[in-house]
Amino acid sequence: MSNQKSSGDFFVIKALEDGVNVIGLTRGTDTRFHHSEKLDTGEVMIAQFTEHTSAVKVRGKAVIQTSHGEMNTEAE
Ligand code: TRP
């Protein structure tokens, strides 16, 4: 790993509708939202897990690519 403050592969989130939320959750004993990024249709976010972020929640219709594979969030 070239940077100690981030860990591992990037993951990609591509919005399939307007208003998709990518929510970063804090690392450590206190698990809370610390960042919410809003993506509109076709917008892409490329991110890593970091010393601050240990989990990510995606709300809305999107394609998510990780080293574990590609998945779609369910349409409502
Ligand atoms: N400042 C945040 C951090 O370094 C930025 C971030 C990285 C982020 N990965 C994320 C925000 C995933 C939301 C989702 O941890």
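Given the residues T50, T31, which is the only one that is loosely packed, with under 12 Cβ neighbours inside 10 Å and hydroxyl-bearing (S, T, Y)?
Testing whether each residue is loosely packed, with under 12 Cβ neighbours inside 10 Å and hydroxyl-bearing (S, T, Y) leaves just T31.
Any chance you could count how many residues in region 11-38 are of a type in the set (A, V, I, L, M, F, W, C) and away from the ligand (no atom under 11 Å from the Cβ)?
Summing the residues that are of a type in the set (A, V, I, L, M, F, W, C) and away from the ligand (no atom under 11 Å from the Cβ) in region 11-38 gives 4.
What strands (runs of 3 or more DSSP E) lie completely within region 1-67 and have 3 or more residues being modelled with pLDDT under 95?
Per the criteria, 6-15.
Which pairs have Cβ atoms under 6 Å, sit 6 or more apart or on different chains, and link a residue in region 21-44 that is closer than 20 Å to S7 by Cβ to one that is of a type in the set (D, E) and at pLDDT 95 or above?
Short answer, once both residue conditions are applied: V22/E37.
Just name the residue that is nearest to S6 (Cα to Cα) out of those in region 55-71 that are over 10 Å from the mean Cα position of the chain (by Cα) and open to solvent by less than 90 Å² (accessible area, probe 1.4 Å).
So, considering only residues that are over 10 Å from the mean Cα position of the chain (by Cα) and open to solvent by less than 90 Å² (accessible area, probe 1.4 Å), the one nearest to S6 (Cα to Cα) is S67.
Consider region 39-54. How many of its residues are over 15 Å from D9 (Cβ atoms) and either within 8 Å of the chain's Cα centre (by Cα) or more than 9 Å from the ligand (Cβ to nearest atom) (or both)?
6
The values are calculated or read from the model by the stated rules, or taken from the named source; none is laboratory data. What you are looking at is a predicted structure, and each value in this text was computed from that prediction instead of being measured. Because the Cβ atoms are built from the backbone with ideal geometry, glycine has one as well, and the counts that use them run over all protein chains shown. Ligands, DNA and RNA are excluded from the accessible area calculation, which covers all protein heavy atoms including side chains. Shrake-Rupley method; radii C 1.70, N 1.55, O 1.52, S 1.80 Å.
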